[in-house]
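Have a look at the structure below before the remarks.
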(Lines give C-alpha, C1' and ligand atoms only; values in the text may rest on other atoms or scores of the structure.)
Protein backbone atom coordinates (compact mmCIF):
# COMPACT_ATOMS: atom_id res chain seq x y z
CA UNK A 1 0.00 0.00 0.00
CA UNK A 2 1.27 3.47 -0.88
CA UNK A 3 -0.06 6.62 0.73
CA UNK A 4 0.19 9.88 -1.23
CA UNK A 5 0.17 13.31 0.38
CA UNK A 6 -2.96 15.40 -0.21
CA UNK A 7 -2.96 18.09 -2.88
CA UNK A 8 -1.95 21.36 -1.23
CA UNK A 9 -4.58 23.58 -2.87
CA UNK A 10 -6.13 26.73 -1.47
CA UNK A 11 -9.43 26.12 0.31
CA UNK A 12 -11.46 28.67 -1.67
CA UNK A 13 -10.98 29.54 -5.33
CA UNK A 14 -12.23 33.11 -5.95
CA UNK A 15 -15.19 33.81 -8.17
CA UNK A 16 -14.65 35.41 -11.58
CA UNK A 17 -16.56 38.61 -12.30
CA UNK A 18 -17.61 39.75 -15.77
CA UNK A 19 -18.65 43.34 -16.50
CA UNK A 20 -22.20 43.59 -17.81
CA UNK A 21 -22.23 45.15 -21.27
CA UNK A 22 -25.78 43.94 -22.11
CA UNK A 23 -24.33 41.25 -24.38
CA UNK A 24 -26.21 37.98 -24.97
CA UNK A 25 -23.22 35.99 -23.73
CA UNK A 26 -19.69 36.49 -22.44
CA UNK A 27 -16.47 34.64 -23.12
CA UNK A 28 -14.87 34.03 -19.74
CA UNK A 29 -11.18 33.20 -19.46
CA UNK A 30 -11.08 30.43 -16.86
CA UNK A 31 -7.28 30.56 -16.68
CA UNK A 32 -7.62 33.77 -14.65
CA UNK A 33 -7.93 31.37 -11.70
CA UNK A 34 -5.12 29.08 -12.82
CA UNK A 35 -2.40 31.48 -11.64
CA UNK A 36 -4.28 32.10 -8.39
CA UNK A 37 -4.56 28.38 -7.72
CA UNK A 38 -0.89 27.74 -8.52
CA UNK A 39 0.35 30.45 -6.15
CA UNK A 40 -2.27 29.57 -3.52
CA UNK A 41 -3.59 33.15 -3.74
CA UNK A 42 -0.39 34.48 -2.14
CA UNK A 43 1.44 36.26 -5.00
CA UNK A 44 4.21 37.59 -2.77
CA UNK A 45 4.92 34.22 -1.11
CA UNK A 46 6.38 31.54 -3.35
CA UNK A 47 7.03 29.00 -0.60
CA UNK A 48 3.52 27.52 -0.84
CA UNK A 49 3.24 27.58 -4.66
CA UNK A 50 2.14 24.53 -6.62
CA UNK A 51 4.54 23.52 -9.37
CA UNK A 52 3.14 24.37 -12.82
CA UNK A 53 5.11 21.45 -14.28
CA UNK A 54 3.65 18.80 -11.94
CA UNK A 55 0.20 20.27 -11.31
CA UNK A 56 -2.64 19.95 -13.79
CA UNK A 57 -5.73 22.16 -13.46
CA UNK A 58 -8.80 21.25 -15.48
CA UNK A 59 -12.19 22.96 -15.44
CA UNK A 60 -15.65 21.36 -15.58
CA UNK A 61 -19.21 22.64 -15.43
CA UNK A 62 -20.54 19.69 -13.40
CA UNK A 63 -19.28 18.19 -10.15
CA UNK A 64 -19.76 14.67 -11.51
CA UNK A 65 -17.40 15.28 -14.42
CA UNK A 66 -14.88 17.02 -12.14
CA UNK A 67 -14.77 13.90 -9.98
CA UNK A 68 -14.66 11.58 -13.00
CA UNK A 69 -11.77 10.50 -15.17
CA UNK A 70 -10.45 14.07 -15.60
CA UNK A 71 -11.13 14.05 -19.34
CA UNK A 72 -14.84 13.61 -19.90
CA UNK A 73 -16.63 16.94 -19.93
CA UNK A 74 -13.43 18.98 -19.54
CA UNK A 75 -13.87 22.59 -20.58
CA UNK A 76 -11.47 24.63 -22.64
CA UNK A 77 -9.70 27.70 -21.31
CA UNK A 78 -12.64 29.89 -22.39
CA UNK A 79 -16.20 29.34 -21.25
CA UNK A 80 -19.17 30.98 -23.02
CA UNK A 81 -21.47 32.25 -20.29
CA UNK A 82 -25.03 33.16 -21.37
CA UNK A 83 -26.24 36.43 -19.85
CA UNK A 84 -29.05 34.48 -18.16
CA UNK A 85 -26.62 32.27 -16.23
CA UNK A 86 -24.85 34.70 -13.90
CA UNK A 87 -23.69 32.72 -10.88
CA UNK A 88 -22.85 29.63 -12.95
CA UNK A 89 -20.70 27.23 -10.88
CA UNK A 90 -17.48 25.96 -12.44
CA UNK A 91 -15.36 23.22 -10.85
CA UNK A 92 -11.56 23.28 -10.85
CA UNK A 93 -9.96 19.84 -10.66
CA UNK A 94 -6.46 20.21 -9.21
CA UNK A 95 -4.20 17.19 -9.57
CA UNK A 96 -0.59 16.34 -8.85
CA UNK A 97 0.60 14.58 -12.02
CA UNK A 98 2.96 12.39 -9.99
CA UNK A 99 0.13 10.91 -7.93
CA UNK A 100 -3.47 9.75 -8.44
CA UNK A 101 -4.77 12.27 -5.91
CA UNK A 102 -6.79 15.33 -6.87
CA UNK A 103 -9.07 17.87 -5.23
CA UNK A 104 -12.05 19.79 -6.59
CA UNK A 105 -12.77 23.44 -5.84
CA UNK A 106 -15.93 25.26 -7.02
CA UNK A 107 -16.20 28.92 -8.00
CA UNK A 108 -18.84 31.08 -9.66
CA UNK A 109 -18.97 33.12 -12.86
CA UNK A 110 -20.83 36.33 -12.01
CA UNK A 111 -22.07 39.04 -14.35
CA UNK A 112 -21.90 42.35 -12.48
CA UNK A 113 -22.34 46.02 -13.24
CA UNK A 114 -19.31 47.82 -14.60
CA UNK A 115 -17.59 49.99 -11.97
CA UNK A 116 -18.43 53.68 -11.87
CA UNK A 117 -17.28 56.68 -9.87
CA UNK A 118 -20.16 56.94 -7.43
CA UNK A 119 -19.12 60.36 -6.10
CA UNK A 120 -16.27 62.51 -7.36
CA UNK A 121 -14.07 63.09 -4.30
CA UNK A 122 -13.74 66.62 -3.01
CA UNK A 123 -10.34 68.30 -3.07
CA UNK A 124 -8.52 67.89 0.24
CA UNK A 125 -6.40 70.57 1.88
CA UNK A 126 -4.34 69.70 4.94
CA UNK A 127 -1.79 71.45 7.08
CA UNK A 128 1.83 70.33 6.96
CA UNK A 129 2.69 67.80 9.63
CA UNK A 130 5.45 69.82 11.28
CA UNK A 131 7.76 72.82 11.02
CA UNK A 132 10.99 70.91 10.52
CA UNK A 133 10.56 69.06 7.18
CA UNK A 134 12.61 70.84 4.48
CA UNK A 135 9.61 70.46 2.14
CA UNK A 136 6.24 70.68 3.89
CA UNK A 137 4.70 67.20 4.10
CA UNK A 138 1.26 65.95 5.08
CA UNK A 139 -0.21 62.50 5.57
CA UNK A 140 -3.47 62.07 3.67
CA UNK A 141 -5.81 59.23 4.76
CA UNK A 142 -7.33 57.65 1.66
CA UNK A 143 -10.21 55.74 3.25
CA UNK A 144 -12.76 58.52 2.73
CA UNK A 145 -11.77 58.92 -0.94
CA UNK A 146 -12.24 55.16 -1.40
CA UNK A 147 -15.66 55.28 0.26
CA UNK A 148 -16.72 58.21 -1.96
CA UNK A 149 -15.81 56.60 -5.28
CA UNK A 150 -17.30 53.22 -4.34
CA UNK A 151 -20.55 54.45 -2.87
CA UNK A 152 -22.79 51.37 -2.68
CA UNK A 153 -20.70 49.26 -5.07
CA UNK A 154 -19.32 46.02 -3.70
CA UNK A 155 -15.70 46.20 -2.56
CA UNK A 156 -15.45 42.43 -3.14
CA UNK A 157 -15.13 42.79 -6.92
CA UNK A 158 -14.58 46.54 -7.33
CA UNK A 159 -10.98 47.34 -6.43
CA UNK A 160 -9.88 50.93 -5.72
CA UNK A 161 -6.28 51.92 -6.45
CA UNK A 162 -4.48 55.26 -6.44
CA UNK A 163 -1.94 56.55 -8.97
CA UNK A 164 0.22 59.62 -9.57
CA UNK A 165 -0.17 59.74 -13.38
CA UNK A 166 -2.97 59.28 -15.89
CA UNK A 167 -0.94 56.60 -17.69
CA UNK A 168 -0.49 54.62 -14.48
CA UNK A 169 -4.21 54.91 -13.73
CA UNK A 170 -5.08 53.67 -17.23
CA UNK A 171 -2.85 50.61 -16.90
CA UNK A 172 -3.50 50.02 -13.23
CA UNK A 173 0.22 50.03 -12.39
CA UNK A 174 2.08 51.12 -10.44
CA UNK A 175 -0.42 51.83 -7.67
CA UNK A 176 0.35 54.07 -4.71
CA UNK A 177 0.81 52.07 -1.50
CA UNK A 178 -2.19 52.45 0.78
CA UNK A 179 -1.00 50.53 3.83
CA UNK A 180 -0.43 53.89 5.55
CA UNK A 181 -1.68 57.45 5.01
CA UNK A 182 -0.37 58.94 1.79
CA UNK A 183 2.67 61.13 2.41
CA UNK A 184 2.42 63.95 -0.13
CA UNK A 185 5.84 65.39 -0.96
CA UNK A 186 4.75 68.41 -2.98
CA UNK A 187 2.48 71.28 -1.96
CA UNK A 188 -0.18 70.41 -4.56
CA UNK A 189 -0.67 67.15 -6.43
CA UNK A 190 -3.38 65.50 -8.50
CA UNK A 191 -4.12 61.94 -7.39
CA UNK A 192 -5.77 59.58 -9.87
CA UNK A 193 -8.35 57.20 -8.42
CA UNK A 194 -9.19 54.02 -10.33
CA UNK A 195 -12.09 51.65 -9.68
CA UNK A 196 -11.64 48.36 -11.57
CA UNK A 197 -13.30 44.97 -11.84
CA UNK A 198 -11.11 42.54 -9.90
CA UNK A 199 -11.22 39.92 -12.68
CA UNK A 200 -11.05 42.26 -15.67
CA UNK A 201 -8.58 45.16 -15.33
CA UNK A 202 -9.81 46.54 -18.67
CA UNK A 203 -13.18 47.29 -17.07
CA UNK A 204 -12.59 50.38 -14.96
CA UNK A 205 -13.41 54.01 -14.26
CA UNK A 206 -11.01 56.80 -13.29
CA UNK A 207 -11.39 60.13 -11.55
CA UNK A 208 -9.03 62.61 -9.91
CA UNK A 209 -8.77 64.45 -6.63
CA UNK A 210 -6.49 67.36 -5.80
CA UNK A 211 -4.45 67.20 -2.60
CA UNK A 212 -2.90 70.35 -1.18
CA UNK A 213 -0.46 70.86 1.68
CA UNK A 214 -0.56 74.22 3.48
CA UNK A 215 2.79 75.07 5.13
CA UNK A 216 2.63 75.82 8.83
CA UNK A 217 3.28 79.44 9.75
CA UNK A 218 6.83 79.81 11.02
CA UNK A 219 7.70 80.35 14.68
CA UNK A 220 10.99 81.00 16.44
CA UNK A 221 12.58 77.83 17.81
CA UNK A 222 14.03 78.96 21.13
CA UNK A 223 16.30 76.89 23.40
CA UNK A 224 15.51 76.02 26.99
CA UNK A 225 17.03 78.47 29.46
CA UNK A 226 18.08 78.37 33.11
CA UNK A 227 18.10 81.70 34.97
CA UNK A 228 18.98 82.83 38.44
CA UNK A 229 16.12 85.29 38.96
CA UNK A 230 14.09 86.03 35.80
CA UNK A 231 14.00 85.72 31.99
CA UNK A 232 12.85 88.47 29.67
CA UNK A 233 11.00 87.27 26.56
CA UNK A 234 12.96 88.50 23.51
CA UNK A 235 11.43 89.91 20.28
CA UNK A 236 10.18 87.29 17.81
CA UNK A 237 11.23 87.02 14.19
CA UNK A 238 8.04 85.93 12.42
CA UNK A 239 5.00 88.16 11.91
CA UNK A 240 1.88 87.01 13.70
CA UNK A 241 3.68 84.87 16.24
CA UNK A 242 3.45 85.39 19.98
CA UNK A 243 4.21 83.96 23.39
CA UNK A 244 1.67 81.97 25.40
CA UNK A 245 1.65 80.04 28.65
CA UNK A 246 -0.79 77.46 27.24
CA UNK A 247 -0.70 75.35 24.09
CA UNK A 248 -2.49 76.49 20.93
CA UNK A 249 -2.55 80.18 21.69
CA UNK A 250 -3.94 80.10 25.23
CA UNK A 251 -3.02 82.84 27.76
CA UNK A 252 -0.82 85.28 25.81
CA UNK A 253 2.36 86.90 27.09
CA UNK A 254 3.83 90.12 25.76
CA UNK A 255 7.32 90.40 24.32
CA UNK A 256 9.50 91.77 27.12
CA UNK A 257 7.49 90.02 29.86
CA UNK A 258 9.57 88.81 32.80
CA UNK A 259 9.35 85.11 33.61
CA UNK A 260 10.19 84.52 37.28
CA UNK A 261 9.02 80.93 37.78
CA UNK A 262 9.84 77.60 36.16
CA UNK A 263 7.38 76.98 33.31
CA UNK A 264 6.91 76.05 29.66
CA UNK A 265 6.52 78.95 27.22
CA UNK A 266 4.80 78.34 23.88
CA UNK A 267 5.60 80.25 20.69
CA UNK A 268 2.45 80.11 18.54
CA UNK A 269 1.42 81.41 15.13
CA UNK A 270 -1.77 81.01 13.08
CA UNK A 271 -2.37 82.00 9.46
CA UNK A 272 -6.12 81.37 9.49
CA UNK A 273 -5.79 77.86 8.06
CA UNK A 274 -2.93 76.24 9.94
CA UNK A 275 -1.02 76.91 13.12
CA UNK A 276 2.63 76.48 14.03
CA UNK A 277 3.90 75.98 17.55
CA UNK A 278 7.02 75.24 19.51
CA UNK A 279 7.82 75.43 23.19
CA UNK A 280 10.82 76.02 25.39
CA UNK A 281 11.29 75.76 29.13
CA UNK A 282 12.35 78.53 31.45
CA UNK A 283 13.87 77.11 34.62
CA UNK A 284 14.47 79.30 37.65
CA UNK A 285 17.50 77.73 39.26
CA UNK A 286 17.39 76.20 42.70
CA UNK A 287 20.96 75.00 43.23
CA UNK A 288 20.54 73.95 46.87
CA UNK A 289 17.46 71.96 45.84
CA UNK A 290 19.21 69.94 43.12
CA UNK A 291 22.59 69.45 44.86
CA UNK A 292 23.15 65.93 46.29
CA UNK A 293 23.26 65.68 50.06
CA UNK A 294 26.69 65.57 51.67
CA UNK A 295 27.88 62.16 52.75
CA UNK A 296 30.83 59.91 53.55
CA UNK A 297 31.64 56.93 51.31
CA UNK A 298 34.14 54.11 51.70
CA UNK A 299 35.55 53.77 48.18
CA UNK A 300 33.92 56.03 45.59
CA UNK A 301 30.84 58.09 44.77
CA UNK A 302 29.20 58.52 41.38
CA UNK A 303 27.89 62.02 40.78
CA UNK A 304 24.16 61.79 39.92
CA UNK A 305 22.75 63.56 36.87
CA UNK A 306 21.64 67.13 37.37
CA UNK A 307 18.52 68.62 35.77
CA UNK A 308 20.72 71.62 34.93
CA UNK A 309 24.08 73.04 35.97
CA UNK A 310 27.52 71.45 36.18
CA UNK A 311 29.61 69.98 38.99
CA UNK A 312 32.92 71.65 40.03
CA UNK A 313 35.48 70.29 42.43
CA UNK A 314 36.33 73.72 43.88
CA UNK A 315 34.40 76.93 44.20
CA UNK A 316 34.89 79.13 41.12
CA UNK A 317 36.75 76.39 39.23
CA UNK A 318 36.27 76.87 35.47
CA UNK A 319 36.57 73.17 34.48
CA UNK A 320 33.37 71.28 35.28
CA UNK A 321 33.00 67.63 36.26
CA UNK A 322 30.35 65.70 34.28
CA UNK A 323 27.51 63.79 35.86
CA UNK A 324 28.36 60.14 36.47
CA UNK A 325 32.06 60.89 37.19
CA UNK A 326 33.46 58.54 39.84
CA UNK A 327 35.20 60.41 42.64
CA UNK A 328 37.63 58.23 44.62
CA UNK A 329 39.45 60.64 46.81
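Quick look at the numbers
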quantity	calculated
Qualifying position, being surrounded by 12 or more Cβ atoms within 10 Å (Cβ to Cβ), at pLDDT below 95 and under 30 Å from residue 141 (Cα atoms), among 94, 57, 124	124
Which numbered condition residue 211 fails, given (1) surrounded by 18 or more Cβ atoms within 10 Å (Cβ to Cβ); (2) within 30 Å of residue 134 (Cβ to Cβ); (3) at pLDDT 95 or above	(3)
Residue pairs meeting the criteria (Cβ under 7 Å; at least 6 apart or on separate chains; first loosely packed, with under 14 Cβ neighbours inside 10 Å, in the stretch 68-87; second assigned to a helix (DSSP H, G or I))	72/65
Output for the stretch 123-167, where each listed residue is touching a residue at least 60 places away in the same chain (Cβ under 8 Å), under 30 Å from residue 275 (Cβ atoms) and touching a strand residue (DSSP E or B) at 6+ places or on another chain (Cβ under 7 Å)	123, 124, 125, 126, 127, 128, 131, 136, 137, 138, 140, 145
Every residue from the stretch 278-305 that is in contact with a strand residue (DSSP E or B) (Cβ under 7 Å, 6 or more places away or on another chain) and outside any loop (DSSP other than H, G, I, E, B)	278, 279, 280, 281, 282, 283, 284, 301, 302
Of the criteria (1) loosely packed, with under 12 Cβ neighbours inside 10 Å; (2) without any contact (Cβ under 8 Å) to a residue 24 or more places away in the chain; (3) in a loop (DSSP other than H, G, I, E, B), which one residue 100 fails	(2)
Pick from the stretch 150-184, criterion in a strand (DSSP E or B) and at pLDDT below 80, ranking: surrounded by the most Cβ atoms within 10 Å (Cβ to Cβ)	184
The one condition in (1) under 31 Å from the mean Cα position of the chain (by Cα); (2) outside any helix (DSSP H, G or I); (3) crowded, with 16+ Cβ neighbours inside 10 Å that residue 36 fails to fulfil	(2)
Cross-chain or 6+ apart pairs with Cβ under 9 Å, the stretch 1-26 first and more than 22 Å from residue 158 (Cα to Cα) and not assigned by TED's automatic domain parsing to the domain that holds residue 197, then exposed (fewer than 10 other Cβ atoms within 10 Å of the Cβ) and at pLDDT below 90	4/100
Every residue from the stretch 111-126 that is part of a loop (DSSP other than H, G, I, E, B) and either touching a helix residue (DSSP H, G or I) at 6+ places or on another chain (Cβ under 9 Å) or over 18 Å from residue 155 (Cβ atoms) (or both)	115, 116, 117, 118, 119, 120, 121, 122, 123
Some residue of the stretch 232-240 being surrounded by 15 or more Cβ atoms within 10 Å (Cβ to Cβ) and either modelled with pLDDT of 95 or more or within 30 Å of the chain's Cα centre (by Cα) (or both)	yes
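The values are calculated or read from the model by the stated rules, or taken from the named source; none is laboratory data. Just so it is clear, the model here is predicted, and its values are computed rather than measured. All Cβ positions, glycine included, derive from the backbone under ideal geometry; neighbour counts span all protein chains shown.
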